[in-house]
Amino acid sequence: MAPPATCQSCRRSPSESLLRYRKGEEYVRHDALLQCDVCERFVCGECLEVYDILSGDDFLCHACAQTFHKPFGGPLPPGTRGH
Ligand SMILES: [Zn+2]
Ligand SMILES: [Zn+2]
């Protein structure tokens with residue numbers, strides 16, 4: 001299945017700068033949108049970052065990454081997405 005032409009999160013079409021994914025202090029470059037390993041949306045580098053959480057290279061969007069970092073402790077109850 002081919003990735004969509006636009007980011008499924010911010011709806012922008014990927015440009016050069018949007019296809020660079022932050023991994024720690026480095027950037028990794030990909031030719032296409034990457035898929036979040038958790039919610040499986042194809043998103044651009046602005047909406048997706050590369051994390052070393054589950055294995056060597058995990059691609060998580062910001063929303064899913066927050067569930068791993070839990071900066072304020074405690075998992076969010078289900079149904080808190082959106083508004
Ligand atoms: Zn995006
Ligand atoms: Zn996600």
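The values are calculated or read from the model by the stated rules, or taken from the named source; none is laboratory data. Because the structure is predicted, anything quoted here is derived from the model rather than measured. Please note: Cβ atoms are built from the backbone with ideal geometry, for glycine as well, and neighbour counts cover all protein chains shown.
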task: Scan the stretch 4-19 residue by residue and report those that are crowded, with 17+ Cβ neighbours inside 10 Å and either at pLDDT below 90 or under 13 Å from residue 50 (Cα atoms) (or both).
output: 19
field: Failed criterion for residue 28 (all others in (1) among the β-branched types (Val, Ile, Thr); (2) modelled with pLDDT of 90 or more; (3) assigned to a strand (DSSP E or B) hold)
entry: (2)
